[in-house]
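Undergrad: First the structure, then my questions, so here it is.
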Amino acid sequence: MLRIYQNNNPEDDKVLRTISKEVEIETIISEDIQSKIKNMFDFIEIQPDGAALSAPQVGINLRFFIVSKNIFKSLMKKEIPREDMVFINPKIIKNSKKTQLLEEGCFSVRWYYGDVERFKNVTIEAYNAKGEKKTWNTGSYLSQIFQHEIDHLDGILFIDKAVNIHKMSDEEILEIKNLQKKLIENKNK
Ligand SMILES: [Zn+2]
């Protein structure tokens, strides 16, 4: 099981606050990078409340993140191949002028939420897990996810930008933990 780096741990925070390096394109298909990606997917699949995970959050200062399969399924209304749920060396190449204030949380600032101003639409360019360059244009929840995750690659956490930061109630946290237990049980079946 992966350990998720936490912002309240000074050693972890150093990694979270580092500007990550670009992945060398020819190393994308290497065993090393592919196993890191696989471990991150294994983690995200048992999280009831998480949409995405970036490499620095698991202690790797490289520029990539993954998005959970469930999010894609609900947003795109179709199955997306797993290699396309990996975003390597992502760059925002276009954004709308229009912004919106959206609620956000983060595995590395566990149980806290806050409202962050994000561009409504973004277009990003990124390599997928096969090393193919893809362009994504989105104005949905995915746009918010892309901006949150790219911030991670630049050492930025949502709490740096958020207003109305608050902690979830004990009941809400317990509910998520119980859901997670069920997901783990189902996975091990
Ligand atoms: Zn995060």
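Undergrad: Can you tell me which residue in segment 87-105 is surrounded by the fewest Cβ atoms within 10 Å (Cβ to Cβ), limited to those that are within 16 Å of the ligand (Cβ to nearest atom) and hydrophobic (A, V, I, L, M, F, W, C)?
TA: Across segment 87-105, the extreme among qualifying residues is Leu102.
Undergrad: Spot the failing condition for Asn164; the list is (1) in a strand (DSSP E or B); (2) surrounded by fewer than 16 Cβ atoms within 10 Å (Cβ to Cβ); (3) at negative phi, and only one is missed.
TA: For Asn164, the exception is condition (3).
Undergrad: Report, ordered by the first and then the second residue, all pairs with beta carbons closer than 9 Å, sequence separation of six or more or different chains, a first member in segment 106-133 that is under 17 Å from Phe146 (Cα atoms), and a second member that is more than 16 Å from the ligand (Cβ to nearest atom) and among the acidic types (Asp, Glu).
TA: So the pair list comes out as Asn128/Glu83; Asn128/Asp84; Ala129/Glu83; Ala129/Asp84; Lys133/Glu125.
Undergrad: Sticking with this structure for a sec: Considering every residue within segment 30-42, establish whether at least one is outside any helix (DSSP H, G or I), touching a strand residue (DSSP E or B) at 6+ places or on another chain (Cβ under 9 Å), in contact (Cβ under 8 Å) with a residue 40 or more places away in the chain and surrounded by 12 or more Cβ atoms within 10 Å (Cβ to Cβ).
TA: No.
Undergrad: Of Leu16, Leu2, Leu75, which residue is over 19 Å from His152 (Cβ atoms), aliphatic (A, V, I, L, M) and surrounded by 12 or more Cβ atoms within 10 Å (Cβ to Cβ)?
TA: Exactly one of Leu16, Leu2, Leu75 is over 19 Å from His152 (Cβ atoms), aliphatic (A, V, I, L, M) and surrounded by 12 or more Cβ atoms within 10 Å (Cβ to Cβ), namely Leu75.
Undergrad: Give the number of residues within segment 35-51 that are within 14 Å of the ligand (Cβ to nearest atom), modelled with pLDDT under 95 and not acidic (Asp, Glu).
TA: Matching residues across segment 35-51 total 5.
Undergrad: A further question follows. Find all pairs meeting these conditions: Cβ atoms under 7 angstrom apart; at least six residues apart or on different chains; first residue within segment 146-165 and closer than 13 Å to Thr18 by Cβ and among the polar types (S, T, N, Q); second residue more than 10 Å from the ligand (Cβ to nearest atom) and modelled with pLDDT of 95 or more.
TA: Partner pairs satisfying both residue conditions: none exist.
The values are calculated or read from the model by the stated rules, or taken from the named source; none is laboratory data. Being a predicted model, the structure only gives us computed values, none of them experimental. So basically every Cβ, Gly included, is an ideal-geometry build from the backbone, and we count neighbours across all protein chains shown.
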